[in-house]
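Asks: Here it is, the structure, as structure tokens.
The values are calculated or read from the model by the stated rules, or taken from the named source; none is laboratory data. These numbers come from a predicted model, not from an experiment. Neighbour counts are summed over all protein chains in view; Cβ atoms, including those assigned to glycine, are modelled from backbone coordinates with ideal geometry. The accessibility values were calculated without ligands, DNA or RNA, using every heavy atom of the protein model including side chains. Shrake-Rupley method; radii C 1.70, N 1.55, O 1.52, S 1.80 Å.
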Amino acid sequence: MKLAILIRHQEPFSHRIYRENIGRELNTLGVEVLPFPEDHPLPKACDLVWEPGLAGSRLPHPLLKNIQCPIVVTVHGAGPFTMKWGEIYPTFLQALRGKIQEFRTLFAWRWLKKRVSAVITVSEFGARETSRVFDLPQDIIYSIYHGVDHSIFHAHDKKPDTGSSYFLHVSQYKPKKNVDRILAAYATLPEDRRPDLIAIVPGYRGKMTHGRGVRIITGKCSSADLAAWYQGGTGFVFPSLHETFGLPVLEAMACGCPVITSDGGACAEVSGDAALFVNPRSTGDIAQAMKRFMEDEPLRQLLRQKGIARSQLFTWRKSAEKHREVFEKVLRRS
């Protein structure tokens, strides 16, 4: 099988991690991987084209209109079509632009639906949302989980020397990541007993001073540095308002950091019974969960062990094998 993989010039970090890991594993599984940038011609004699980076209101690439071989796309979520404006866009002007973009995307899907042979989503939650938003039949949608690089994210390395215990949050800043509620919840904890709060949030646009114990890191961290932060955390706090997978949750579990996350959507799906769940729109719920982690070490140890075990179910090799199955099924049908 010769698989052409479309590479966008502007690609979210999480999409790149997904594309690179699946591409590498497919190559080891005997698939001839042919990456091509969006401004380059389609590789000759390819059997199939894969667009791995559709999400939200991102427009399908127009070159897909003229491709004659089968097309498979991965949709990483459709949150802008299902969430409240204020949970996605910080200002009215951004919301207006966002709604225009959403209309354009829905219009573009009218032709893409006629061209696409299969749609991959990254969770069952994502499959239901994608089917509903883009009016797609369930029989062309395949839910395939991400993996995690266990050579980097594991629970056995030296922890960072921070001088104190800490809660951890990691995300690329967006309103839906709920950073403001995390900070507000932390502020209600007893100042003399609470661990520090380390928030690694590239692109953060809020206030940089939030009282004693708060440290906001806005620069990018390498995967190895992130693993060290996870390994040393008292708890990983990730009450996102919307996730179609939530890769940081999986990374934290793999590193043995007990997780607090949202009680719905893909975060709960990925976590299974290995996390403490909260209503992400309740500051009180988030604060109470953090307080439980402060006071209940047996709970933290239980979730640590469950999280490590749960994370072993997710590998990039397993994910790539399921991708290959979808590609082969599409080729058999064509």
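Asks: Starting from residues that are more than 19 Å from Gly307 (Cα to Cα) and either aliphatic (A, V, I, L, M) or open to solvent by less than 60 Å² (accessible area, probe 1.4 Å) (or both), keep the ones in the range 145-164 and report whichever is modelled with the highest pLDDT.
Replies: For the range 145-164, the residue satisfying everything is Ser164.
Asks: Still on this structure, please answer the following. Restricting attention to the range 39-60, report how many residues are of a type in the set (Asp, Glu) and within 25 Å of the chain's Cα centre (by Cα).
Replies: Of the range 39-60, the ones of a type in the set (Asp, Glu) are 39, 47, 51.
Still in the list and also within 25 Å of the chain's Cα centre (by Cα): 51.
Counting residues in the range 39-60 that are of a type in the set (Asp, Glu) and within 25 Å of the chain's Cα centre (by Cα) gives 1.
Asks: Report whether or not Ile71 is touching a residue at least 60 places away in the same chain (Cβ under 8 Å) and open to solvent by less than 10 Å² (accessible area, probe 1.4 Å).
Replies: Details: touching a residue at least 60 places away in the same chain (Cβ under 8 Å): no; open to solvent by less than 10 Å² (accessible area, probe 1.4 Å): yes.
Against the criterion (touching a residue at least 60 places away in the same chain (Cβ under 8 Å) and open to solvent by less than 10 Å² (accessible area, probe 1.4 Å)), Ile71 does not qualify.
Asks: Now a separate question. How many residues are open to solvent by 10 Å² or more (accessible area, probe 1.4 Å) and not in a loop (DSSP other than H, G, I, E, B) if we restrict to the range 232-270?
Replies: Of the residues in the range 232-270, 7 are open to solvent by 10 Å² or more (accessible area, probe 1.4 Å) and not in a loop (DSSP other than H, G, I, E, B).
Rundown of residues vs (1) over 26 Å from Gly23 (Cα atoms); (2) among the polar types (S, T, N, Q); (3) open to solvent by less than 50 Å² (accessible area, probe 1.4 Å), yes/no style:
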position	(1), (2), (3)
Ser282	yes, yes, yes
Gln288	yes, yes, no
Lys291	yes, no, no
Gln305	yes, yes, no
Ser311	no, yes, yes
Phe327	no, no, yes
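Asks: Restricting attention to the range 225-261, which residues are of a type in the set (Ser, Thr, Tyr) and closer than 30 Å to Arg128 by Cα? So that I can check it myself, show each step before the final result.
Replies: Filtering the range 225-261 for residues of a type in the set (Ser, Thr, Tyr) gives 230, 234, 240, 244, 261.
Result: Ser240, Thr244, Thr261.
Asks: Please go through the range 190-200 and pick out each residue that is surrounded by fewer than 20 Cβ atoms within 10 Å (Cβ to Cβ) and either within 16 Å of Gln288 (Cα to Cα) or in contact with a strand residue (DSSP E or B) (Cβ under 7 Å, 6 or more places away or on another chain) (or both).
Replies: Start the filter on the range 190-200 by keeping residues that are surrounded by fewer than 20 Cβ atoms within 10 Å (Cβ to Cβ), which leaves 190-193, 196.
Listed by number, the residues that qualify are Pro190, Glu191, Arg193, Asp196.
Asks: Considering only residues that are open to solvent by less than 30 Å² (accessible area, probe 1.4 Å) and over 20 Å from Ile141 (Cα atoms), look in the range 85-130 and name the one that is nearest to the chain's Cα centre (by Cα). Please lay out each step first, then the result.
Replies: Our first condition is that a residue be open to solvent by less than 30 Å² (accessible area, probe 1.4 Å); within the range 85-130, this holds for 87, 95, 98, 102, 105, 108-109, 112, 116, 118-123, 126-127, 129-130.
Keeping just the survivors that are over 20 Å from Ile141 (Cα atoms) gives 87, 95, 98, 102.
Working: Glu87: 17, Ala95: 22, Gly98: 21, Glu102: 20 Å.
Per the criteria, the residue is Glu87.
Asks: Just checking, which of Lys65, Lys44 is within 23 Å of Asp135 (Cα to Cα) and not polar (S, T, N, Q)? Working first, answer last.
Replies: Details: Lys44 fails: within 23 Å of Asp135 (Cα to Cα).
Only one candidate passes the filter, namely Lys65.
Asks: Of the numbered conditions (1) of a type outside the set (S, T, N, Q); (2) in contact (Cβ under 8 Å) with a residue 60 or more places away in the chain; (3) outside any loop (DSSP other than H, G, I, E, B), Leu276 fails exactly one; give the number of that condition.
Replies: With (1) of a type outside the set (S, T, N, Q); (2) in contact (Cβ under 8 Å) with a residue 60 or more places away in the chain; (3) outside any loop (DSSP other than H, G, I, E, B) applied to Leu276, the lone miss is (2).
Asks: Right, here's the next one. Restricting to the range 91-141, name every residue that is free of Cβ contacts under 8 Å to residues at least 40 places away in the same chain and among the acidic types (Asp, Glu).
Replies: Scanning the range 91-141 gives Asp135, Asp139.
Asks: Considering only the range 2-59, state which residues are charged (D, E, K, R), open to solvent by 20 Å² or more (accessible area, probe 1.4 Å) and in a strand (DSSP E or B).
Replies: Filtering the range 2-59 for residues charged (D, E, K, R) gives 2, 8, 11, 16, 19-20, 24-25, 32, 38-39, 44, 47, 51, 58.
Filter once more, keeping what is open to solvent by 20 Å² or more (accessible area, probe 1.4 Å): 2, 8, 11, 16, 19-20, 24-25, 32, 38-39, 44, 47, 58.
Matches in the range 2-59: Lys2, Glu32.
Asks: Can you list residue pairs whose Cβ atoms sit under 6 Å apart, with the first residue in the range 14-25 being within 18 Å of Pro248 (Cα to Cα) and modelled with pLDDT of 95 or more and the second being open to solvent by less than 20 Å² (accessible area, probe 1.4 Å) and not in a helix (DSSP H, G or I)? Count only pairs 6 or more apart in sequence or on different chains.
Replies: From residues that are within 18 Å of Pro248 (Cα to Cα) and modelled with pLDDT of 95 or more, the pairs are Arg19/Pro52.
Asks: Checking Ile182 against (1) modelled with pLDDT of 90 or more; (2) crowded, with 18+ Cβ neighbours inside 10 Å; (3) within 17 Å of Ser14 (Cα to Cα), which test does it fail?
Replies: Single failed check for Ile182: (3).
Asks: Which condition number in (1) touching a residue at least 40 places away in the same chain (Cβ under 8 Å); (2) on the phi > 0 side of the Ramachandran plot; (3) not acidic (Asp, Glu) is the one that Arg281 fails?
Replies: Here Arg281 meets the rest and fails (2).
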